[in-house]
Every structure is written in C-alpha cells, then in structure tokens.
Amino acid sequence: MKLAIGSDHAGFLYKEAIKTMLAADGHTVRDFGTDSEAPVDYPDFIRPVAEAVARGEFERGIVLGGSGNGEAMVANRICGIRCGLCWTEQVAIWNRSHNDANMLSLGQRTISQPDALAIVRVWLATPFEGGRHIGRIRKIDERCKIGPRRPRSDGRQHERAGCLAGGHEVVVWDRSADAVQTLARNGATGSSSLSDLVSRLTPPRAIWLMVPAGDATEQTVTGLAEHLQQGDTIIDGGNSHFKDDIRRAAALATRGIHYLDVGTSGGVWGAERGYCLMIGGPQHAAARLVPIFRTLAPGQGSQQPSRGLDLSATTAHEGFLYCGPSGAGHFVKMIHNGIEYGLMQSYAEGFDIMRNASASTLPENQRYDLKLAEIAELWRRGSVVSSWLLDLAALALAGDPQLAAICRQGCRLGRRALDG
C-alpha cells in the first residue's frame, strides 16, 4: 500500500518506529516530517499529508502528535479526508469498518509503542463494511464545503451561479470580460487569463470547463495543462466525444493531472432545476468532488426513488452518478442525447400530423380541428409519453399555439446556413 506519514516533534519517535515496521511489511511510505524532536508547529507537517491523500497521491495517511487530537483536527479540515483518532485496536477497526477513514491519528503520549504498531497494522488490514455506513459517509462528505482553500471554476454562467449559491468559492474566466464582471458582481473572483485563473486557485485545483466540443475544448485543456500540477483536476462538462476523453485522460495522467468527463443535462433551466450529471474518470478524483456535484445536481426532491433501488450504494436518485472510468460519463450522455433527439423528433412528427388533421385534402368526415396546446397539456398528466420535453412543448404551445416565433427563427437560421 502507498502511504503518507507525518508528525510533529511529540510524535517523532513513534513515527520512525512505524516507518520501519511499514517498510518491513512491504508498504511504500513517504515521510512528510518532522525530522527530529525539535519543537515545531504540527499543522505545518500534518496538512501536507492530508492534502496529498486528498489528491489521491497516497491510499492512506498516518499522522502523530502528543495526543493526536490536534493532528486529527488539522487533517479533517481538508476536503475528502476522514481522519480518526485511535487509542485501541478495536477503535481502529471501527474507524475503518464503519467510518471508511483514509487517515489515522495517534498520540505518542497516550499509548505505548507496541500498541501504536498494533493499531497501525489492524487499521491497514481492516476493510470498509459498506452497507448502512455508506449513507452516513456521504453525509460526512456532504458537509465538506469548498472553502477559500479550494475554489472551483468552470466556463458557463449557470454552473458558476449554482456553485456560488451552494456556498462554494468560485474563480471564473471567460473570453468575454463582461461575463466575468457579471459573475464577479455576484460574488465570484474574476480572472484575466487561464494562467491568472490557475494562479488564484489553491491546490489541489478543480477547473470545470463548459466550452464547445472539438477544437475549443482541445485547446483549452492543452492550455490549462501547461499551468496545472500533480493532483489538479480538469472537468469537461461539455459534449466531448468519449474517445477524446479517453485520450486526454491518458495524456494528462502522465503528468499526474486528473481528467473527469461529465455529461451535463438540464440546459438553461438547470440553474433552477439542477443538472443531471453523468460522471466518468478516476473514481478517487470524482469522489473528492462529490460536494460540487451535489450542489449542481437537482437532488431527490419530491420524486421518489424507484422501488428496489439500493440508496446506500448509489447517488443516482440525487441526480448525479459516477458511471465508470474515463469516457463513461460522455458515453452515457451521448446515448442520452440520442434518446432526447429521438423523442423530440417523435413529438414534432406527431404534433405536425395533428396540426394538419384539418387539411382540405382529407375526407371531410376525417378532418379534425385539434387544439394542440390543450392536447400537450393533457398528455402531461397520466400519459406514458409525458416527459420534461413534453412540458417544454406544452409551455411553448400555450404561449404561441402556431409556434410562429420559432418558425421565424428557424427560417432565419436556415437562410443563414444556405448563405454560409
């Protein structure tokens, strides 16, 4: 197992003994200090351990001090860390099996060295039980708000506004200075360039892109990568092809940069309703950003989960889901879009047939002057073809039964395409 360890002066001797034991047991260990019993301030050595574990550079972390209390407090200030103070082997077992702790804190002044070594061994060997504990762990992580040390950024106004409303610190950049100024007036921190954006974020950074798929995304990802460092995460919330995600993720992984592909559905209404998020990429990178996904997603709301769904093993009922490794999020979104476009085409053809049901070319006894807006409203209630797309169609028909404004806009776009 790849482990990080650190202590202050009061935990130094036990740290050295634990390092020796771990090396003998075949673990890979990085020591973050301190290097002697000379007095030091424990946050200076404990925080780097916790941040490295949170970035996914190490599987778990161990910290030590005089009592271990302060060390646990420092570690638990880092988003994604669950650090437990243990003083017996049984507490260590519960720490892992019930709390899925990824960091252990020990007090050199409160337990013997043999006990400390035994606690470490049993803590490393104990698996997480899952089951009923999963939901409780999610509630712990839900409270892990993104504070000044972890601002988030993305590229579209609605997601940025959602992050701000969720209490997250947000740094923004856009090619339009007006867009940046608008978000800055609403509480975001503006930036003037990609490099300026990165410089205003504290590692491990998470940067959410909302730009058109293709060259725009490619250039932005490439430009950002030049300024990022190991442990940072790029989130592509656009509609990139899943094969491009696989390629980008592999290239960035060689530099220690995580890449998440997040299929995002909800359109401009997502700012009020929340966004359906389909997530792909390294699972540990996605897990660290659960608080941001939970902020942007719609939540369960009044819609009851499907009967039989194990709520302790999924977040689907909250409106966001880790779908799998790199590319999985945008692959699921690609299928989603195919279904969406098929539904829209079906509605369009169906309503067009009903609109022309009164045509003079039809036999007189087969002509029907149908009220499309009322039929759309009817189908929203109890029908098997009800959907949000139908809701939007009903809304449009209620305000403009002939859809004249949409037809005019369509004609303008068509002429522009022919001229172009």
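The values are calculated or read from the model by the stated rules, or taken from the named source; none is laboratory data. Owing to the predicted nature of the structure, the values given are computational and were not obtained by experimental measurement. Methodologically, a virtual Cβ is constructed for each residue, glycine included, from the backbone with ideal geometry; neighbour enumeration extends over all protein chains shown. Ligands, DNA and RNA are excluded from the accessible area calculation, which covers all protein heavy atoms including side chains. Shrake-Rupley method; radii C 1.70, N 1.55, O 1.52, S 1.80 Å.
Equivalent ellipsoid of segment 266-420: semi-axes from √(5λ) of the C-alpha gyration tensor, largest first, are 38, 20, 14 Å.
For segment 1-148, the dipole from Cβ point charges (+1 on Lys and Arg, -1 on Asp and Glu) about the Cα centre works out to 640 debye, to the nearest 20. With θ taken as phi - 60° and the Karplus curve 6.51 cos²θ - 1.76 cosθ + 1.60 applied, the whole-hertz 3J(HN,Hα) list for segment 245-261 is 4, 4, 5, 5, 4, 5, 5, 6, 4, 5, 9, x, 9, 8, 10, 10, 9 Hz, x standing for glycine and proline. Working from label points 7 Å from Cα in the Cα-to-Cβ sense, the S302 to A177 distance is 4.7 nm.
Probing with 1.4 Å while keeping every protein chain in the model, the per residue accessible area of segment 240-398 equals 56 Å². Under 24 Å from the Cα of K139, which lysines turn up, not counting those fewer than eight places away in the same chain? Reachable lysines: none.
According to a simple spin-label model (label point 7 Å from Cα along Cα-to-Cβ), what is the distance in nm between A250 and K371? In this crude spin-label approximation the distance works out to 6.0 nm. The spacing between segment 293-362 and segment 79-138, judged by their C-alpha centroids, is 41 Å.
On full extension of the chain, what length is gained from E37 through N186, given 0.36 nm per residue of separation minus the C-alpha to C-alpha distance? Each step should come with its number before you reach the end.
Details: separation 149, 0.36 × 149 = 53.64 nm, distance 4.87 nm.
So the extension gain works out to 48.8 nm.
Close amide-amide hydrogen proximity is noted between G61 and A4, M103, L104, each under 5 Å apart and 5 or more residues distant or on a separate chain (H modeled in the peptide plane; Pro and chain starts excluded).
Calculate for the chain the 222 nm mean residue ellipticity that helices alone would give, adding -39,500 (n - 2.57) per DSSP H run of length 4 or more and normalising by residue count, nearest 500 deg cm²/dmol. Write out the running numbers ahead of the final one.
On the way: 18 runs with 193 residues, N = 420.
Using -39500 (n - 2.57) per qualifying helix, the result is -14000 deg cm²/dmol.
Since only A373, P127, N99 are under comparison, the one whose Cα sits farthest along the positive direction of the charge dipole of the chain, derived from C-beta charges on Lys, Arg, Asp and Glu, is A373.
Over segment 69-125, average the accessible area per residue using a 1.4 Å probe and give it in Å², no decimals. Don't skip to the end; give the middle numbers.
Working: 2440 Å² over 57 residues.
Result: 43 Å² per residue.
Mean projection of the alpha-carbon convex hull of the chain over all orientations, in nm²?
Averaging across all directions leaves 25.9 nm² for the Cα convex hull.
When +1 charges are put on Lys and Arg Cβ atoms and -1 charges on Asp and Glu Cβ atoms, the dipole computed for the chain relative to its Cα centre reaches about 420 debye.
Annotation: amide H of S7 within the under-5 Å range of G33, T34, L64, sequence separation 5 or more or interchain, hydrogens built in the peptide plane.
Would you mind giving the three semi-axes, in whole Å and largest first, of the ellipsoid equivalent to segment 218-352 according to its Cα gyration tensor? Write down the numbers at each step before the final one.
Values: eigenvalues 156, 77, 34 Å².
Over the Cα atoms of segment 218-352, the ellipsoid semi-axes are 28, 20, 13 Å.
For segment 320-407, the alpha-carbon radius of gyration amounts to 1.43 times the rule-of-thumb value 2.2 N^0.38 Å expected for a compact globular protein.
Using 1/(1 + (r/R0)^6) with R0 = 45 angstrom and r between the beta carbons of A213 and S358, what's the FRET efficiency to the nearest 0.05?
Details: r = 42 Å, r/R0 = 0.94.
Here the calculated transfer efficiency is 0.60.
With a Förster radius of 51 Å applied to the beta-carbon distance between T110 and D196, the computed FRET efficiency rounds to 0.60. Shown is the FRET efficiency for K243 and E89, computed with R0 = 60 Å from the Cβ-Cβ distance and rounded to the nearest 0.05: 0.80.
Overall, the accessible surface of the chain at a probe of 1.4 angstrom is composed of carbon and sulfur to the extent of 53 percent.
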